[in-house]
Structures are given as structure tokens and as C-alpha cells.
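Comments concern the structure below.
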Number of protein chains: 2
Amino acid sequence: MQRHATDLYQNEAGGGRAIRAIPDRICDKWTMLIVATLDEGRMRFTDLHKRVTGISQRMLTLTLRNPERDGLVFRTVYAEVPPRVEYALTPLGESLIPPALALAGWAIEHSPRIGASRTAFDAGRQ
Amino acid sequence: MQRHATDLYQNEAGGGRAIRAIPDRICDKWTMLIVATLDEGRMRFTDLHKRVTGISQRMLTLTLRNPERDGLVFRTVYAEVPPRVEYALTPLGESLIPPALALAGWAIEHSPRIGASRTAFDAGRQ
DNA sequence: CTGAATCCTGACCGATACTG
DNA sequence: CAGTATCGGTCAGGATTCAG
């Protein structure tokens with residue numbers, strides 16, 4: 001199905017509010033990183049905490065609820081002591097990986113050019 | 001070149017901080033919308049303000065500086081009275097459109113499923 | 001181990017008024 | 001027209017502590 005850039009920002013009357021909300025949700029500070037990390041395989045809370053560098057425990061807990069609610073991540077609680085909770089991507093979550101990689105690939109590929117552009121811009125501004 | 005999801009969140013030692021910063025920059029509240037809007041063609045500040053629904057003049061000004069600094073958007077000032085300023089995508093900015101559309105396409109395609117998942121999740125929580 | 005609750009700081013961002 | 005400047009409210013999000 002053909003997409004136009006306009007799809008990204010349709011106004012509210014066109015139902016665009018919902019559409020806009022989804023990239024908003026996915027592109028927030030941590031969600032994409034968490035989903036990408038879970039692409040390595042199912043893992044428990046602490047592993048995730050170690051792998052997603054820089055996130056606080058609080059934000060990991062809070063952020064995880066979004067993709068869980070959206071059906072991207074599946075949460076399994078084991079009735080053990082101490083408790084064990086594992087997170088894994090659902091098929092829906094896995095389907096997000098290719099477009100996410102496309103964006104990451106773009107960023108990596110053009111990183112040097114963007115850096116150069118910033119330097120030049122800042123130099124012009126003094 | 002082969003990409004892994006890990007590319008998204010490489011740690012600082014691996015140079016990942018810069019990589020992470022770029023999607024952060026692109027996925028902020030307005031940048032993606034502005035770039036997508038400019039994909040329709042060069043336009044002036046006021047036109048952009050009208051098309052990007054809901055943005056304040058202040059935020060449009062502030063947000064525009066980021067893609068401009070990154071070399072995604074080119075700004076042309078005409079020495080006229082009243083002043084005229086036009087914004088357009090650079091080739092680098094245009095190259096962002098396909099991966100951005102990939103993500104938007106994913107969001108649109110799976111929107112119903114995500115909505116259903118949210119409803120179910122919220123019902124379970126009461 | 002997992003995660004909820006509380007506190008607190010700074011950043012985001014809208015409204016408004018002003019300028020070249 | 002295209003910004004800049006200032007004020008102020010809201011809220012993201014870190015640090016810490018408590019709980020099951």
C-alpha cells in the first residue's frame with residue numbers, strides 16, 4: 001500500500017491523531033531501545049536493566065508498560081521466590097524491528113554527515 | 001550492510017551515544033512531522049505553521065533549528081520587507097523520508113491491533 | 001528480584017508580548 | 001512576516017526508599 005509523508009501528520013479530523021500517537025509512543029526516549037534489546041531474545045527484568053544502558057529502574061518499569069499494553073511485549077510472571085519475570089517480544093513486536101532498523105541504519109549511515117553539519121552550523125553561529 | 005537491533009543501543013564505549021542521539025533527535029515531538037511536511041515541497045514559515053497542526057509558533061521556531069543544524073533542512077532568507085523565509089529539505093533530509101515512511105506505514109498497518117491490545121490490557125487492569 | 005511510592009529538579013512547552 | 005524574550009505551569013524522569 002502506497003504511503004505518503006502526509007500520513008505522518010494527518011490532522012485530527014482525518015483520524016490522524018491516533019496515527020500520530022503511535023510513532024510518538026514508539027519513539028519515546030526508551031521504548032525503541034527496549035524493543036530492540038528484546039529482539040535478542042526473552043530476558044528478565046534485571047538483564048534488561050543491565051543491557052539498556054543508562055535507564056533507571058523506575059523508567060524501565062514505567063516504560064515497559066507501554067509496549068506491553070500495546071501488545072509488542074509479553075510479560076511472564078513465574079510464581080517463585082524470589083520472583084522471576086521475563087519479557088519477550090510478541091510477533092507484533094518483532095514486526096516492528098525491520099522498520100526500526102531501517103531508521104537506525106539511516107542514522108548510522110549518515111551520522112558523520114550530520115556531525116559535520118552540526119559543526120559547520122555551530123561555527124557559523126560562533 | 002547488515003544491521004542488528006543491537007546497533008540501536010550500543011553503549012557509549014562503542015560510539016553508540018552518538019548513534020542513539022540521532023533517532024532521539026529525529027523522533028522528538030515535532031521534527032518528524034516537520035520533515036514530512038517539508039517533503040511536500042519548499043514552503044515558508046507561516047505555511048509550515050498552518051500545516052503542522054497544533055504546534056505553537058515558538059516551538060516551530062525552536063524545533064526547526066534542530067534539523068537545520070543537522071543538515072536536513074535548508075533555510076533561505078530573502079532580503080525583502082516584509083521578510084520572507086523559506087524552508088526546504090536537503091538531499092539528506094529527503095533520504096530520511098523512506099525509513100520514516102516505513103515506520104509510519106507500520107504504525108498505520110498495525111493501528112487496529114494495537115488499539116485492541118490496549119483495550120484488552122485496560123480491561124484486565126479494570 | 002521485581003516493582004511501587006515518594007520526593008524533587010530541570011526541561012519542555014504554551015501563552016503572551018515585543019522587535020526588525 | 002518571522003522571529004525573540006520572558007513568565008509560568010506541567011511533567012518527565014532520576015534518586016531513594018519501601019514492599020511482596
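No lab work stands behind these numbers, since they all come straight from the coordinates. Computed from a predicted model, the values in this text were never measured in an experiment. Because the Cβ atoms are built from the backbone with ideal geometry, glycine has one as well, and the counts that use them run over all protein chains shown.
What lysines sit close enough to B:Lys29 to cross-link, taking a C-alpha to C-alpha distance under 25 Å and skipping anything fewer than 8 places away on the same chain? Cα-Cα hits under 25 Å: A:Lys29, B:Lys50. Summing charges over neighbours of A:Val85, with a neighbour being any other residue whose Cβ is under 13 Å away from its Cβ, gives +1 when K and R count +1 and D and E count -1. Measuring from each Cβ of chain B to the axis carrying B onto A, the nearest residue and its distance in whole Å come out as B:Cys27, 1. Each copy carries A:Gly54; placing its label point 7 Å along the C-beta direction from Cα gives inter-copy distances of 2.6 nm, listed from smallest up. The translational diffusion coefficient of the stretch A:29-125, from Stokes-Einstein at 4 °C and 1.567 mPa s with a Kirkwood hydrodynamic radius over alpha carbon pairs, comes to 85 µm²/s. Centroid-to-centroid, using Cα positions, the stretch A:25-72 and the stretch B:90-126 are 17 Å apart. Taking the Cβ-Cβ separation of A:Thr61 and B:Glu40 as r and a Förster radius of 45 Å, what is the calculated FRET efficiency to the nearest 0.05? For A:Thr61 and B:Glu40, the calculated efficiency is 0.65.
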